[in-house]
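> Sending over a structure as C-alpha coordinates; questions will come in a sec.
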Amino acid sequence: MKVIYILWLRELRRYTRSRAQIIASLGQPLMYLLVLGFGLGPMFRKAGGGSYLQFVAPGVISMMVLFSAIFSGIAILWDRQFGFLKETLIAPVPRVQIMIGRTAGAATVAMLQGTLFAVVCLIAGFRPVSWAAIPAAFAFLALIAAVFAAFGTTVGSSLKDMQGFQMVMNFLVMPLFFLSGALYPLDNLPQALAAITRIDPLTYGIDGLRSMLIAQSHFGPALDAAVLVVLALVLTAVGAWRFSKIEA
(Lines give C-alpha, C1' and ligand atoms only; values in the text may rest on other atoms or scores of the structure.)
Protein backbone atom coordinates (compact mmCIF):
# COMPACT_ATOMS: atom_id res chain seq x y z
CA MET A 1 0.00 0.00 0.00
CA LYS A 2 2.92 2.34 0.69
CA VAL A 3 4.10 1.97 -2.93
CA ILE A 4 0.62 2.79 -4.23
CA TYR A 5 0.48 5.90 -2.05
CA ILE A 6 3.96 7.09 -3.12
CA LEU A 7 3.19 6.72 -6.84
CA TRP A 8 -0.23 8.33 -6.38
CA LEU A 9 1.42 11.28 -4.64
CA ARG A 10 4.08 11.52 -7.35
CA GLU A 11 1.42 11.90 -10.04
CA LEU A 12 -0.24 14.68 -8.05
CA ARG A 13 3.05 16.53 -7.59
CA ARG A 14 3.83 16.19 -11.29
CA TYR A 15 0.49 17.85 -12.05
CA THR A 16 0.63 20.66 -9.47
CA ARG A 17 4.18 21.67 -10.42
CA SER A 18 3.13 22.81 -13.91
CA ARG A 19 0.74 25.75 -13.71
CA ALA A 20 1.18 26.42 -17.42
CA GLN A 21 -0.01 22.88 -18.18
CA ILE A 22 -3.05 23.34 -15.97
CA ILE A 23 -4.05 26.54 -17.75
CA ALA A 24 -3.28 25.19 -21.23
CA SER A 25 -5.37 22.06 -20.62
CA LEU A 26 -8.45 24.26 -20.24
CA GLY A 27 -8.12 25.73 -23.74
CA GLN A 28 -9.83 23.17 -25.97
CA PRO A 29 -12.71 22.30 -23.58
CA LEU A 30 -13.29 26.00 -22.98
CA MET A 31 -13.57 26.57 -26.73
CA TYR A 32 -16.16 23.80 -27.03
CA LEU A 33 -18.11 25.19 -24.08
CA LEU A 34 -18.20 28.80 -25.20
CA VAL A 35 -18.32 28.45 -28.98
CA LEU A 36 -20.81 25.60 -29.08
CA GLY A 37 -22.63 26.41 -25.85
CA PHE A 38 -23.45 29.96 -26.89
CA GLY A 39 -23.17 29.56 -30.68
CA LEU A 40 -25.64 26.71 -31.00
CA GLY A 41 -27.82 27.86 -28.11
CA PRO A 42 -30.47 29.70 -30.21
CA MET A 43 -30.82 26.73 -32.59
CA PHE A 44 -31.13 24.28 -29.70
CA ARG A 45 -33.83 26.41 -28.06
CA LYS A 46 -35.80 26.64 -31.31
CA ALA A 47 -35.73 22.85 -31.54
CA GLY A 48 -37.30 22.68 -28.08
CA GLY A 49 -34.17 21.45 -26.30
CA GLY A 50 -33.86 24.28 -23.80
CA SER A 51 -30.44 25.68 -22.95
CA TYR A 52 -27.65 24.13 -24.98
CA LEU A 53 -25.08 25.34 -22.44
CA GLN A 54 -26.85 23.25 -19.79
CA PHE A 55 -26.86 20.25 -22.12
CA VAL A 56 -23.29 20.43 -23.38
CA ALA A 57 -21.51 21.31 -20.12
CA PRO A 58 -21.55 17.75 -18.66
CA GLY A 59 -20.18 16.45 -21.96
CA VAL A 60 -17.34 18.96 -22.03
CA ILE A 61 -16.49 18.29 -18.37
CA SER A 62 -16.27 14.59 -19.27
CA MET A 63 -14.08 15.50 -22.23
CA MET A 64 -11.67 17.23 -19.86
CA VAL A 65 -11.48 14.12 -17.68
CA LEU A 66 -11.11 11.85 -20.72
CA PHE A 67 -8.18 13.78 -22.19
CA SER A 68 -6.33 14.07 -18.91
CA ALA A 69 -6.84 10.43 -17.88
CA ILE A 70 -6.12 8.75 -21.18
CA PHE A 71 -2.98 10.77 -21.96
CA SER A 72 -1.53 9.85 -18.57
CA GLY A 73 -0.26 6.70 -20.26
CA ILE A 74 2.39 8.76 -22.00
CA ALA A 75 4.05 9.25 -18.61
CA ILE A 76 5.04 5.57 -18.69
CA LEU A 77 6.89 6.10 -21.95
CA TRP A 78 8.43 9.31 -20.61
CA ASP A 79 9.66 7.53 -17.47
CA ARG A 80 11.02 4.67 -19.60
CA GLN A 81 12.99 7.11 -21.74
CA PHE A 82 14.59 8.87 -18.76
CA GLY A 83 15.24 5.79 -16.64
CA PHE A 84 12.77 6.33 -13.80
CA LEU A 85 10.64 3.37 -14.87
CA LYS A 86 13.61 0.99 -14.63
CA GLU A 87 14.31 2.13 -11.07
CA THR A 88 10.67 1.55 -10.20
CA LEU A 89 10.43 -1.88 -11.82
CA ILE A 90 13.49 -3.29 -10.02
CA ALA A 91 11.98 -2.42 -6.64
CA PRO A 92 11.02 -5.52 -4.62
CA VAL A 93 7.28 -4.86 -4.85
CA PRO A 94 4.57 -6.42 -7.03
CA ARG A 95 4.21 -4.64 -10.34
CA VAL A 96 0.46 -4.62 -9.96
CA GLN A 97 0.89 -2.21 -7.03
CA ILE A 98 3.02 0.06 -9.21
CA MET A 99 0.37 0.02 -11.93
CA ILE A 100 -2.48 0.69 -9.48
CA GLY A 101 -0.57 3.56 -7.88
CA ARG A 102 0.13 5.23 -11.22
CA THR A 103 -3.41 4.69 -12.46
CA ALA A 104 -4.94 6.01 -9.23
CA GLY A 105 -2.73 9.09 -9.43
CA ALA A 106 -3.68 9.71 -13.07
CA ALA A 107 -7.38 9.29 -12.25
CA THR A 108 -7.08 11.74 -9.34
CA VAL A 109 -5.38 14.32 -11.56
CA ALA A 110 -8.14 13.88 -14.16
CA MET A 111 -10.72 14.39 -11.41
CA LEU A 112 -9.00 17.60 -10.31
CA GLN A 113 -8.97 18.93 -13.86
CA GLY A 114 -12.62 17.99 -14.33
CA THR A 115 -13.52 19.75 -11.09
CA LEU A 116 -11.58 22.84 -12.14
CA PHE A 117 -13.42 22.93 -15.45
CA ALA A 118 -16.76 22.42 -13.67
CA VAL A 119 -16.04 25.66 -11.81
CA VAL A 120 -15.40 27.34 -15.18
CA CYS A 121 -18.79 26.03 -16.37
CA LEU A 122 -20.48 27.55 -13.32
CA ILE A 123 -18.87 30.91 -14.11
CA ALA A 124 -20.09 30.61 -17.73
CA GLY A 125 -23.68 30.15 -16.52
CA PHE A 126 -24.19 26.42 -16.08
CA ARG A 127 -26.36 25.45 -13.11
CA PRO A 128 -27.10 21.89 -11.87
CA VAL A 129 -30.77 21.17 -11.27
CA SER A 130 -30.00 19.94 -7.76
CA TRP A 131 -26.94 20.69 -5.66
CA ALA A 132 -27.74 17.58 -3.61
CA ALA A 133 -26.79 15.44 -6.64
CA ILE A 134 -23.25 16.88 -6.82
CA PRO A 135 -21.65 14.00 -4.81
CA ALA A 136 -23.18 11.47 -7.20
CA ALA A 137 -21.90 13.54 -10.15
CA PHE A 138 -18.39 13.38 -8.66
CA ALA A 139 -18.79 9.61 -8.40
CA PHE A 140 -19.45 9.42 -12.14
CA LEU A 141 -16.45 11.67 -12.81
CA ALA A 142 -14.32 9.30 -10.72
CA LEU A 143 -15.57 6.31 -12.73
CA ILE A 144 -14.82 8.04 -16.04
CA ALA A 145 -11.34 8.92 -14.79
CA ALA A 146 -10.69 5.37 -13.55
CA VAL A 147 -11.81 3.76 -16.83
CA PHE A 148 -9.68 5.93 -19.08
CA ALA A 149 -6.66 6.16 -16.78
CA ALA A 150 -6.55 2.34 -16.78
CA PHE A 151 -6.99 2.36 -20.56
CA GLY A 152 -4.17 4.88 -20.98
CA THR A 153 -1.90 2.77 -18.76
CA THR A 154 -2.74 -0.32 -20.81
CA VAL A 155 -1.84 1.39 -24.06
CA GLY A 156 1.28 3.03 -22.61
CA SER A 157 2.48 -0.35 -21.31
CA SER A 158 2.00 -1.94 -24.75
CA LEU A 159 4.03 0.62 -26.74
CA LYS A 160 7.69 1.56 -26.72
CA ASP A 161 7.81 5.11 -28.10
CA MET A 162 5.86 8.32 -27.58
CA GLN A 163 5.19 8.79 -31.30
CA GLY A 164 3.29 5.50 -31.41
CA PHE A 165 1.29 6.43 -28.32
CA GLN A 166 0.31 9.80 -29.78
CA MET A 167 -0.82 8.18 -33.03
CA VAL A 168 -2.94 5.60 -31.22
CA MET A 169 -4.45 8.17 -28.88
CA ASN A 170 -5.24 10.66 -31.64
CA PHE A 171 -6.95 7.85 -33.53
CA LEU A 172 -9.05 6.91 -30.49
CA VAL A 173 -9.67 10.00 -28.37
CA MET A 174 -11.63 12.20 -30.76
CA PRO A 175 -13.91 9.36 -31.98
CA LEU A 176 -14.54 8.42 -28.33
CA PHE A 177 -15.60 12.00 -27.64
CA PHE A 178 -17.65 12.73 -30.76
CA LEU A 179 -19.46 9.37 -30.69
CA SER A 180 -20.38 9.66 -27.01
CA GLY A 181 -23.33 12.00 -27.34
CA ALA A 182 -21.40 14.77 -25.61
CA LEU A 183 -22.56 17.32 -28.18
CA TYR A 184 -25.93 15.91 -29.25
CA PRO A 185 -28.87 14.00 -27.70
CA LEU A 186 -28.86 10.21 -28.02
CA ASP A 187 -32.58 10.07 -28.82
CA ASN A 188 -33.73 9.41 -32.40
CA LEU A 189 -30.25 8.77 -33.80
CA PRO A 190 -29.81 6.75 -37.01
CA GLN A 191 -29.63 3.05 -36.18
CA ALA A 192 -25.96 2.66 -37.12
CA LEU A 193 -24.87 5.69 -35.08
CA ALA A 194 -27.00 4.59 -32.12
CA ALA A 195 -25.29 1.19 -32.16
CA ILE A 196 -21.83 2.81 -32.16
CA THR A 197 -22.67 5.12 -29.26
CA ARG A 198 -23.70 2.09 -27.20
CA ILE A 199 -20.20 0.57 -27.43
CA ASP A 200 -18.47 3.83 -26.54
CA PRO A 201 -17.55 3.77 -22.81
CA LEU A 202 -17.67 7.56 -22.57
CA THR A 203 -21.35 7.49 -23.59
CA TYR A 204 -22.29 5.93 -20.26
CA GLY A 205 -20.12 8.34 -18.29
CA ILE A 206 -21.68 11.40 -19.89
CA ASP A 207 -25.18 9.98 -19.63
CA GLY A 208 -24.66 9.31 -15.92
CA LEU A 209 -23.22 12.76 -15.37
CA ARG A 210 -26.16 14.36 -17.17
CA SER A 211 -28.62 12.36 -15.10
CA MET A 212 -27.08 13.85 -11.95
CA LEU A 213 -26.49 17.42 -13.12
CA ILE A 214 -29.45 18.18 -15.40
CA ALA A 215 -31.81 15.24 -14.71
CA GLN A 216 -31.62 13.93 -18.31
CA SER A 217 -30.67 10.33 -18.99
CA HIS A 218 -30.92 7.98 -21.95
CA PHE A 219 -29.92 4.68 -20.33
CA GLY A 220 -30.54 5.41 -16.65
CA PRO A 221 -27.89 6.09 -13.97
CA ALA A 222 -27.94 2.50 -12.64
CA LEU A 223 -26.96 1.02 -16.01
CA ASP A 224 -24.42 3.80 -16.59
CA ALA A 225 -22.73 3.11 -13.24
CA ALA A 226 -22.77 -0.67 -13.74
CA VAL A 227 -21.12 -0.44 -17.17
CA LEU A 228 -18.43 1.95 -15.91
CA VAL A 229 -17.63 -0.17 -12.84
CA VAL A 230 -17.26 -3.33 -14.95
CA LEU A 231 -15.08 -1.52 -17.50
CA ALA A 232 -12.90 -0.02 -14.77
CA LEU A 233 -12.29 -3.47 -13.24
CA VAL A 234 -11.63 -5.14 -16.60
CA LEU A 235 -9.27 -2.43 -17.86
CA THR A 236 -7.42 -2.33 -14.55
CA ALA A 237 -6.90 -6.10 -14.77
CA VAL A 238 -5.75 -5.90 -18.40
CA GLY A 239 -3.52 -2.92 -17.58
CA ALA A 240 -1.95 -4.80 -14.67
CA TRP A 241 -1.26 -7.77 -16.95
CA ARG A 242 0.30 -5.59 -19.64
CA PHE A 243 2.33 -3.65 -17.08
CA SER A 244 3.65 -6.93 -15.63
CA LYS A 245 5.08 -7.74 -19.08
CA ILE A 246 6.72 -4.38 -19.59
CA GLU A 247 10.50 -4.18 -20.07
CA ALA A 248 12.28 -1.01 -19.03
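> Just to check your reading of the model, which residue among ILE206, ILE246 is under 21 Å from SER72 (Cβ atoms), in a loop (DSSP other than H, G, I, E, B) and out of contact with any Cys (no Cβ under 7 Å at 6 or more places or on another chain)?
Testing whether each residue is under 21 Å from SER72 (Cβ atoms), in a loop (DSSP other than H, G, I, E, B) and out of contact with any Cys (no Cβ under 7 Å at 6 or more places or on another chain) leaves just ILE246.
> Here is a follow-up. Tally up the residues in the stretch 140-185 that are touching a residue at least 12 places away in the same chain (Cβ under 8 Å), out of contact with any helix residue (DSSP H, G or I) (no Cβ under 7 Å at 6 or more places or on another chain) and more than 18 Å from ILE196 (Cα to Cα), please.
Of the residues in the stretch 140-185, 2 are touching a residue at least 12 places away in the same chain (Cβ under 8 Å), out of contact with any helix residue (DSSP H, G or I) (no Cβ under 7 Å at 6 or more places or on another chain) and more than 18 Å from ILE196 (Cα to Cα).
> To continue, here is another question. Residues of the stretch 129-172 being under 18 Å from THR103 (Cα atoms) and among the β-branched types (Val, Ile, Thr), which ones?
ILE144, VAL147, THR153, THR154, VAL155
Residues checked against (1) over 16 Å from VAL109 (Cα atoms); (2) in a helix (DSSP H, G or I); (3) of a type outside the set (Asp, Glu); (4) at pLDDT 80 or above:
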site: PRO58; (1), (2), (3), (4): yes, yes, yes, yes
site: SER62; (1), (2), (3), (4): no, yes, yes, yes
site: ALA69; (1), (2), (3), (4): no, yes, yes, yes
site: ALA75; (1), (2), (3), (4): no, yes, yes, no
site: TRP78; (1), (2), (3), (4): yes, yes, yes, no
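> Taking only the stretch 165-195 into account, find how many residues are assigned to a helix (DSSP H, G or I) and more than 19 Å from the chain's Cα centre (by Cα).
Residues flagged as assigned to a helix (DSSP H, G or I) and more than 19 Å from the chain's Cα centre (by Cα) within the stretch 165-195 amount to 5.
The values are calculated or read from the model by the stated rules, or taken from the named source; none is laboratory data. This is a predicted model, so every value here is computed, not measured. No Cβ is skipped: glycine too gets one built from the backbone with ideal geometry, and neighbour counts run over all protein chains shown.
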